[in-house]
Amino acid sequence: MTIGRHQVKAIVAAVAVTTFVAAASAQSLPGGFVYLRDVDPSIIQDIRYATPNNFVGRPLAGYGAGECVVKREVGLRLKAVQQELAAQNLSLKMFDCYRPARASLDMVRWSQNGHETAAERRYNPKIPKTELFRLGYIASRSQHSTGAALDLTLVDLKADNSAKIDPAKSYADCTAPVEARLPEGSVDMGTGYDCTDAKGHTAAPSISPDQRAWRRRLVAAMAKQGFVNYSKEWWHFSLPGAGGAAYDFPIQPRRN
């Protein structure tokens, strides 16, 4: 079939429009959501579910980029927390923010796949993964999907935070002393992130005075901006009233 010059121009124009719309769609966020990096680029991000460095051992469904996405109000309050911490040579470090609903279902499938690896046991050394949902460590419907829940920690900007994970090294589980477990480039909170163990409970009595002081410092800094901690996870916070419906849009790379 022969295509005329005008038809070629029309096809080129249509392709250009489609490309533009696809690019815009990849960057757009539902109303009220923002990239935290656009609100405060000084907040450190280590979005673990976009990497293999998490309890599932691979990126979760919906995590197309390691970007913290939150409701705008949440982002502005995190910025206020960060400004106060900066004066103390500290920084927030984000592990997880908005979580697509499909990622929570991915966790459900993982918990029911019938086997556990040694790497997975680092995160839940005493609890079978089939019990994690019943005990409230993981939810099939997460508040993270509303954009109002966060997982985070503190970084001492004066410390050496350069340690990287060595794939050839056999690390101890998340309850072990900080020098034996996976490096996270943050202060020692007594356990690693996503540690499903009683020692990971915010008020756990089995941690050292210094570790307890760091947890209290984080909770206090977040509470000043209205964030509430989840008692079973020292790293988990939410902002009451800022959530709403759960979403399932994928996290896409942020346009620079």
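Of note:
- For residue 160: the one exception among (1) surrounded by 11 or more Cβ atoms within 10 Å (Cβ to Cβ); (2) more than 18 Å from residue 53 (Cβ to Cβ): (1)
- The residues of the stretch 95-129 that are polar (S, T, N, Q) and touching a helix residue (DSSP H, G or I) at 6+ places or on another chain (Cβ under 6 Å) amount to a single one, 111.
- The set of residues in the stretch 103-149 that are closer than 30 Å to residue 30 by Cα and out of contact with any Ser or Thr (no Cβ under 9 Å at 6 or more places or on another chain) comprises 106, 109, 110, 136, 147.
- Residue within the stretch 99-121 that is touching a strand residue (DSSP E or B) at 6+ places or on another chain (Cβ under 8 Å) and within 28 Å of residue 159 (Cβ to Cβ) present: no
- The single condition among (1) in a loop (DSSP other than H, G, I, E, B); (2) at pLDDT 95 or above; (3) β-branched (Val, Ile, Thr) that residue 127 does not satisfy is (2).
- Lone unmet requirement of (1) of a type in the set (A, V, I, L, M); (2) out of contact with any Lys or Arg (no Cβ under 7 Å at 6 or more places or on another chain); (3) surrounded by 16 or more Cβ atoms within 10 Å (Cβ to Cβ); (4) farther than 25 Å from residue 86 by Cα for residue 246: (2)
- The one condition in (1) closer than 16 Å to residue 44 by Cβ; (2) touching a residue at least 60 places away in the same chain (Cβ under 8 Å) that residue 102 fails to fulfil: (1)
- Against the test of being in contact with a Cys (Cβ under 6 Å, 6 or more places away or on another chain), touching a residue at least 24 places away in the same chain (Cβ under 8 Å) and not basic (Lys, Arg), the options 137, 123 yield a single qualifying residue, 123.
The values are calculated or read from the model by the stated rules, or taken from the named source; none is laboratory data. Note that the coordinates shown come from a computational prediction; the quantities given were computed from them, not determined experimentally. Don't worry about glycine lacking a Cβ; one is built from the backbone with ideal geometry, like all the others, and counts go over all protein chains shown.
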